[in-house]
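The block underneath contains the structure these notes are about, expressed in structure tokens.
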Amino acid sequence: MTFYPDWDRVHPEHKWKILRKQKGFIFWALYSSVGGVMYGFDSGLAGTATAFPAFQKQYGRPFTSQPSGYLVPANYQSGWAGASMGGLVVGVMAGGQILEMIGRKHSLAFGSLVTAVGVAMQVASHEWKLFLAGRLISGAVCSISVTLAMIGENTRQELRGFFLCLTNGSIVLGQFMLACISRGTSTIEGKWSYRTLIILQLIFVVVLVGGYPVYPESPYYLLKKGHTEKARKALNRIHGSKDQTLIDAEIKRITSNVAFSEEVRVAASRKGPLLVQCFQGTNLKRTLIALIPVAGQQLIGAPFVLSYATYFLSLIGVRDYFTVSVGLYIVMLLSNISAFFFIETAGRRPLLVLGTLVLTLILLLMGIVGCFNGHGALWVAVVCMFVWSVAFQLTLGAVGFAIGSEVTSLPLRASTQSIVGFTQGFAGWLVGFVSPFLINPDAGNLGAKVGFVFAGLGVPLCVIFYFLIPETKGLSFDDMDYLFNNKFSCRNFQSAVKGRHGSSNDPLTLESQRQVPGLGSIAVKEEA
């Protein structure tokens, strides 16, 4: 029997049927995520290139214990990691402003063209400083592109978790592509073994610039600028023009959210800068919930595993480390795809709380194994990396981005996302900067004992997640406003909202008095 949804209502029980009817939107979302793939490829490039003997000879110093006879010093590697993450911070902070000024379509094209400049600088470099400058530019513009891949404001509530997972999925796909291509180029002799990796980033530039003429602008952005007819045309291109009831419902839904967000933003601005308000009253708790998972991704070891996996495998004695790293990224990609299903079935809180506990225990085991020598200990350490990668992509890696987009209040979303981007960039810079000093033979040379460091950071994260992370699956923005404003415990969100809905007539189509902290009630008819 064919399913014909009433698009004016929310149907969480039919999310998979609705997903099958959103083929056009899926294609638009996938193209929007090309920037995320580019970011994933770029973020691991320097760490992967460090494993190439030709790269070590070009940028390193003589070091007899290394098979190539050269070693890239830890301070060079830290500088490149710091430049990439510094660029990330700048790009994320600027990305929201650029999106606001020129829209998603023009921003993608702008980011792509500037990426080409960073690529050219890296290819032309013969010493570490110019390479660092190229890494800084690439990090900035790639992070703008990954910011634009977050399309939650255009996504229906039933599918919000699925499409928010797409951001991390696109990044993992980029890292997987990097691992596969580096395995192939590792057989090339000389400088082109690693230069090929750098030049291939131009493929993303060609795809994004080539699709620019036909890429539809964000309907949310167009409606926010008052261009209703342009938004309708964009929605028809994204969803197809066959079902005009869907187009009408999306116009109504997005317009409602834009109107409410603008009303509250204007009212909130009278109380002071929106950035300051993110840390006032109940907004402080919401901001912390958005920040801690993305910071946790970095502190639990993501920059180390995702950026330095190939190099680390070579350091601990894995013979065919390029092939093993390809297997590692295959596992991560499949795990991330599985997370698209689990986030809407298991929910956000179980994945974050239990997932972080499992990650911490795996890191502890890895550290213990690192205290022993021998072939068996080596492969147990490798297995720990694989199991950690599966657990990370199923839990904290996938959900960390999603929950941050869900818990923020609408008028403070742009400001909160800027803070989230800064926090992620700073935590990533910190871990990325320190990692070479932990594992490089000319520095800490910890080997698998590095697991102790990240396990130690994981323990407080487990405690914080248990008390602070709510279950947001199926909750509307109105529900979350109500729950935070009435100071319900984060562990009891689902039961509290069931009690609330049990006493209302129809919470999914109700014209409600939306409560805003310190601003009273604002009546807006909204499809939740």
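The values are calculated or read from the model by the stated rules, or taken from the named source; none is laboratory data. What you see is a predicted model; the values in this text were computed from it and never measured. Note: ideal-geometry Cβ built from the backbone for every residue, glycine included; neighbour counts use all protein chains shown. Accessible surface is based on the protein model in full, side chains and every heavy atom, while ligands, DNA and RNA are left aside. Shrake-Rupley method; radii C 1.70, N 1.55, O 1.52, S 1.80 Å.
Some notes on this structure:
- The heavy atoms of F341 offer some 100 square angstrom of accessible surface to a 1.4 angstrom probe.
- When the Cα gyration tensor is reduced to axis lengths a ≥ b ≥ c, the ratio a/c is 1.5 or higher for segment 378-475, and with a/b above b/c it is classed as prolate.
- The calculated FRET efficiency for D8 paired with S241, based on their beta-carbon distance and R0 = 22 Å, is about 0.75.
- Probe 1.4 Å, protein heavy atoms only - accessible area per residue of segment 337-402 in square angstrom: 38
- Per residue, the accessible area of segment 65-118 comes to 35 Å² when a 1.4 Å probe rolls over the protein heavy atoms.
- Cβ-Cβ FRET estimate between I337 and L202, R0 fixed at 25 Å, reported to 0.05: 0.40
- Accessible-area composition of the chain, carbon plus sulfur, in percent [1.4 Å probe]: 67
- From helices alone, the chain scores -23500 deg cm²/dmol at 222 nm; the rule is -39500 (n - 2.57) for each run of n ≥ 4 DSSP H residues, then divide by the residue total.
- Residues with amide H under 5 Å from that of L71, placed H, sequence gap 5 or more: R61, F63
- With a cut-off of 11 Å between beta carbons, the residues surrounding W80 carry a summed charge of +2, where Lys and Arg count +1 and Asp and Glu -1.
- Between N492 and A443, the simple label model (points 7 Å from Cα in the Cβ direction) yields a spacing of 4.7 nm.
- Once the chain from R20 to I188 is taken as fully extended at 0.36 nm per residue, the excess over their C-alpha distance is 56.1 nm.
- Principal axis box of segment 46-194, alpha-carbon based, largest edge first, Å: 58, 28, 23
- Where a label projected 7 Å from the Cα of L468 along Cα→Cβ would reach, residues of segment 262-299 with amide N under 12 Å: 284-297
- Karplus (6.51, -1.76, 1.60) ³J(HN,Hα), θ = phi - 60°, over segment 350-359, in Hz, Gly and Pro reported as x: x, 5, 6, 5, 5, x, 5, 4, 4, 4
- Candidate lysines for bridging to K252, where Cα separation is under 16 Å - those fewer than 8 sequence places away on the same chain excluded: K224, K225, K230, K233, K525
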